[in-house]
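Step one of this worksheet: look at the structure below.
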Amino acid sequence: MSIFNTFWQRQKEFRGDVPDVYSYDEMPDPLRVQIVHIATEVLGSRKEFSNHHPPNIRRAYGLIVDILRKEFGVFQLPPAPGYNEDKQKELFDFILKEQDVEKVLSAVELICRLIKNMVARYDYRYDNNSEANAKDAIAEINARMRAAGLGYEYDGEIIRVDSELVHTETVKPALELLRDKRYAGPEQEFRAAYEHYRNGKNKEAVTEAAKAFESTMKVILAKRGWTHNATDTANKLIATLYEHKLIPDYWQNAMAGLRTLLESAIPTPRNKRSAHGQGVDMTTVPDYIAGYVLHMTAATIVFLVKAEQALP
């Protein structure tokens, strides 16, 4: 897997003819074609299948199509006019033609999971490390989406990317740290927050982000054997972390606003805008608030986990 820096691409970059703002509701046709190419390169095509291909790989395209048909409530993925035994063609035509970006990304997500979970087990197309090739393929899909200005990335699932810098410096490190089995609960809540955010469910996103924040603190407290109650609020959990010097004294003095940030930046939007009754008027959480809360959650999780790791 590789991306060649062609003369055509270099000229586009020279002219500034490249996306500098992410899009979320349009998927360029060249990107669709590139995804089909990558899937074919890694998984093979129906014409290539023979007895030496693992049966699971041969059935994989069909499994993806069956999942999407059922979830979308259709008998054939559009634009398939009727029943077709060639499910690989049905899947690829769907990726190339479907206008609902979220539906296409659902197919891309399943392809990435297939690449990660199956190709790494069956070294049937490469003489070198198959697992490395699987990672390279997923990395290329992410790179292609980024180059096309599509604001999504696959990291275990499709997640929304608002800012490449913020995503690289906060979201990805948070996901990496939460992969520790002890943080399974916070990871699930953190991913759920981004899934809600991607689907425009901002109140749910803020609520799940706050849960992830609180759960992370509880895991740290339990890991260290520091006394706390399961029903403690975020403020109480933060106070306990300060009592046990998770944050050094000289940092507390030098960064007087840190405690305010931890106590209010994440819990307050949840308490005031999403977790309580709406009253007469239906409350809404704007995208910019939801995005801020999610990014602050990610940054704070990274800070807390690394601070705990640094303790003797």
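The values are calculated or read from the model by the stated rules, or taken from the named source; none is laboratory data. This structure is a prediction, so every number in the text was calculated from the model and none was measured. Here Cβ is always computed from backbone atoms with ideal geometry, including for glycine, and neighbour counts include all displayed protein chains. In case anyone asks, the SASA skips ligands and DNA or RNA and just uses the protein heavy atoms, side chains included. Shrake-Rupley method; radii C 1.70, N 1.55, O 1.52, S 1.80 Å.
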Taking the stretch 63-120 and keeping residues assigned to a helix (DSSP H, G or I), open to solvent by 70 Å² or more (accessible area, probe 1.4 Å) and over 26 Å from GLY151 (Cα atoms) leaves LEU63, LYS70, LYS89
Pairs with Cβ under 6 Å, 6+ apart, first in the stretch 211-236 and open to solvent by 60 Å² or more (accessible area, probe 1.4 Å), second in a helix (DSSP H, G or I) and modelled with pLDDT of 90 or more: LYS211/GLU189
Test of understanding: among PRO54, PRO19, which residue is open to solvent by less than 60 Å² (accessible area, probe 1.4 Å) and at pLDDT below 60? PRO54
All but one of (1) in contact with a Leu (Cβ under 9 Å, 6 or more places away or on another chain); (2) under 24 Å from TYR197 (Cα atoms); (3) in a helix (DSSP H, G or I); (4) modelled with pLDDT under 90 hold for ARG146; which doesn't? (1)
Of residues in the stretch 150-165 being surrounded by fewer than 17 Cβ atoms within 10 Å (Cβ to Cβ) and either touching a His at 6+ places or on another chain (Cβ under 8 Å) or at pLDDT below 85 (or both), the one nearest to TYR292 (Cα to Cα): SER163
